[in-house]
Amino acid sequence: MNKKHKFYPVGGFSYFTVNDIYKDDFGKFWVSTNSGVIVMEKKFFTSQFLTANSEYIANIKKSPDGKLICAGRSHLFKVVDEQHIDRIDIKFEGSLNVFQQFEEYTLIGTEQGQLLLYLRNELLKTIQVSSQSISEIEFDNADIAWVVADRELFQVNLDDGTIKSYFEDFNERRIVQDLFLSPTNSLFVGGEYQYSYLYQYNRNKDKFENISVGIPNVGNTDFWIRDMWAAKDTLYLGSSSGLYKYFDSGITKVNLAEYSDSEINAVVVDQFNALWVTTSHGVIRKRKDEVSLFTPEQGLPSKTFTVGNLIIDGKGFLWVGTSNGLAYARITDIIPNTPKPIVHIAKEESWFIQPNSFLEVTSGSMLLMDVTAIIYPQKQNQFQYCVMRGDDKIKDWKALSDKNQVIVSDLDPGNYEICIRCKHEGNYSWSENRVIPLRVNQVWYLRWYTILTEMILILLIVYLSSQYSKRRARQQMIDLERIVSERTAQLQDANENLLLANKAKDRFLSIIAHDLRNPFNAIRGFSKMLIRDTDMLSEEEKKELTEMIYKSSDDTFKLLESLLEWANVQKGKFKLNRVEFDLAEVLQTNLEFHKSMASLKNINVKGDFKSLKVNADKSMIDTIIRNLMSNAIKFSYVNQTVLLSAIEKDNFAIVQVKDEGLGMTETQVKNLFKIDTIVASEGTANETGTGFGLMLSKEFVQMNGGQIWVKSAKGKGTSFYFSIPL
């Protein structure tokens, strides 16, 4: 096999038993061992040479014969082939920082500021350029070299050892960061700050001219050039703020996706016009619009890259110098595609979205999809998605969340396409788009037929409301006419009642005047007789006249007292003092009082009642009972009986005053409580009365929330009843 194949052991299997080997579709080997499954793949970068390769790489260059030369701090190495590195027998003192070769000459710049000139392996001379470290060297020709030390540019004559500084060309500022000699022999200097970052050497004037142009969105500080590369008419500038393209006296920033603002340490362009740069994230390749990242997962020995140490040799290999050795990769035009991502939607149970699947959601809802890839390991997969509508072009790719989930929400109703793509880290291009058709349906209450139905309902409601309003207006007009008619009738009734009241008042006043005139006439007549005929009258006659005067004045006083009480009730000045008391006490008091009065006419007074708690004005109830008892005695004959009784009925106390006297006709009963029919009447013993006692009793009963009524028959006696709330 040695004649046909190269073979070498793979580390990590010394103590494992290999049971099976499987190669997947992506060139990765899955190895079954007695301690688990191991995944192997050939890395894009190779750094494990058969000779030791773990030294810090200070500088890498191509030799005049096309071989690759790299340097550590204390040695120079030549790459023999992809498996071997040989040390170059050049001895020097100090620490190497940078070197450059021209024909058979080698220049070494040290950290001590010395420039060492070798012819093949022999040291020709040492030139002390500066006390600071030499950071850049470029051969102009066999006799002239350009050297940067302490950010100051020098021209060194290697023949006579003379040194010329160009400090004044840079406004006496130490801003020189990088040197680049283009294939057309143009010398460019990379500087610092926004308006002094690029200079070009004018050989005719022996002067460096500032060709910097303004850079958008970059401040005047913290901006410098790290490395440069020329491709045709374009000069690529690797800076502290990203990669820029200087073309036709204009400058634009190169889009490196999420790494666009990263500091660029080195830049080259390969034979396929792909850009390669080194950053703190790793090696980045930009090929057309596609950006790829290479990290130690793809074979790099380290992510710490020295400035400018990125080069492509004559065989099409890309070489990169790191803090942990040298790595290389074969550049080809073939970049495998990452497989399409797999998408599954999260519902009650997760289910995969098959190709050509069609999704439907309702406007306002959220669609959550999980995305994965079939290429291992998953952590090296990058996912992006975008949402398109109609004939929109794919744009605005968005990175997925840390959980590799697509969240789609707040979409207007319509047809969409969700495009999802995947890119495996390293030498893989973006996958073909996984396109998922999506229809966002309007919520039911905003759909056209719902809106049409709502409009019809609104119009129907408006129509019905209009009809209802018309009917209601007509009904209100009818009701208003009825109310006006009723009010008119009420006013007419009120007017008639007022006329009747005025008539009743006139009748009442005439009755009062008549009732007052008779007693006063008697008083005047009897008193005149006493004054005029006092000498002619006997003592018995005088006494009789005096008694008659007293009786007339007493009747008049009682009439006036009743009138005053009735007038106060009518004016509302008689205030109700409602209390709880035992009705039997008031009945018993009146019974005892009227027994003595009835005895004068030999009338028997009886009582029939029990204890009843009532809620009323006690003095008013006493007045009512007194008036009714007085009337009963007044209109009773000798040896007749007056009964005072009380019973409980329907939450009321019913009081009855019954006599066996004169009685009343139906007409008298009907007009008993009317003001315009009050007529004075005499009792069985010629007692006088005005009838105001009954009027006052009616008012008092009604004020206490009760009623008064009467039952009577002519010659058979009378029964008065009134009710009081318990």
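The values are calculated or read from the model by the stated rules, or taken from the named source; none is laboratory data. Quick caveat: nothing in here was measured; it's all calculated off a predicted structure. Here the Cβ positions follow ideal geometry from the backbone for every residue, glycine too, while neighbour counts run over all protein chains shown. Side chains included, ligands, DNA and RNA excluded: accessible areas come from the protein's heavy atoms. Shrake-Rupley method; radii C 1.70, N 1.55, O 1.52, S 1.80 Å.
Points to keep in mind about this one:
- Cα-derived Rg to Rh of the chain, Kirkwood definition: 1.66
- Only lysines eight or more places from Lys542 in sequence, or on another chain, were considered; those with a Cα closer than 30 Å are Lys528, Lys551, Lys558, Lys601, Lys634.
- Each label point was placed 7 Å from the Cα along the Cα-to-Cβ direction; for Ile334 and Thr126 their separation is 5.3 nm.
- Compared with the dominant principal axis of the Cα atoms in the chain, helix 618-634 is inclined by about 20°.
- Global geometry of the stretch 77-169, whether rounded, prolate or oblate, following the gyration tensor of its Cα atoms and the 1.5 cut on a/c: prolate
- Once the Cβ-Cβ distance of Lys28 and Glu82 is raised to the sixth power relative to R0 = 22 Å, the FRET efficiency obtained is 0.55.
- Amide H contacts under 5 Å for His424, placed H, 5+ residues apart: Thr338, Gln382
- For the stretch 586-683, the list of trypsin sites (Lys or Arg not before Pro) that fall in a loop by DSSP and count at most 13 other C-beta atoms within 10 angstrom reads Lys610, Lys674.
- Per-pair calculated FRET efficiency, R0 = 60 Å: Gln588 and Met536 via Cβ, rounded to 0.05: 0.70
- Taking trypsin sites (Lys or Arg not before Pro) across the stretch 19-118, the ones in a DSSP loop with at most 13 further Cβ atoms lying within 10 angstrom of their Cβ are Lys42, Lys91.
- Those GluC sites (Glu not before Pro) in the stretch 290-387 that DSSP places in a loop and that have at most 13 other beta carbons within 10 Å: Glu348, Glu349
- Compared with the dominant principal axis of the Cα atoms in the chain, helix 539-571 is inclined by about 20°.
- Under the Karplus curve 6.51 cos²θ - 1.76 cosθ + 1.60, θ = phi - 60°, whole-Hz ³J(HN,Hα) for the stretch 415-423, x wherever Gly or Pro sits: 9, 10, 10, 9, 9, 10, 9, 9, 9
- Protection proxy ranking of 119-128, 244-253 - average other beta-carbon atoms within 10 Å, highest first: 244-253, 119-128
- FRET efficiency for the Phe557 to Ile478 pair, using the beta carbon distance and R₀ = 56 Å, is estimated at 0.40.
- Remark: the Ile451-Glu648 segment gains 63.8 nm on full extension, using 0.36 nm per residue and subtracting the alpha carbon distance.
- Backbone amide hydrogens, once placed in the peptide plane, bring Val642 within less than 5 Å of Asn604, Val605, Lys606, excluding anything fewer than 5 places away on its chain.
- Neighbourhood net charge (10 Å Cβ-Cβ; Lys/Arg +1, Asp/Glu -1) for Ser292: +2
- The number of Lys pairs in the stretch 379-429 with C-alpha atoms less than 19 Å apart, excluding pairs fewer than 8 positions apart on the same chain, is 6.
- Residue pairs exceeding 27 angstrom between C-alpha atoms, taken from Lys207/Lys315; Lys6/Lys315; Lys606/Lys716; Lys606/Lys698; Lys286/Lys340; Lys91/Lys205: Lys207/Lys315; Lys91/Lys205.
- Accessible surface of the chain [probe 1.4 Å, protein heavy atoms]: carbon and sulfur percent: 51 percent
- Electrostatic bookkeeping for Glu417 treats Lys and Arg as +1 and Asp and Glu as -1; over the other residues with beta carbon under 15 Å from its beta carbon, the sum is +2.
- The chain: angle of helix 583-599 to the longest principal axis, Cα-based, in degrees nearest 10: 10 degrees
- Amide hydrogen proximity for Thr304: with H placed 1.01 Å from N in the peptide plane, the residues at 5 or more positions away or on another chain lying under 5 Å are Ser323.
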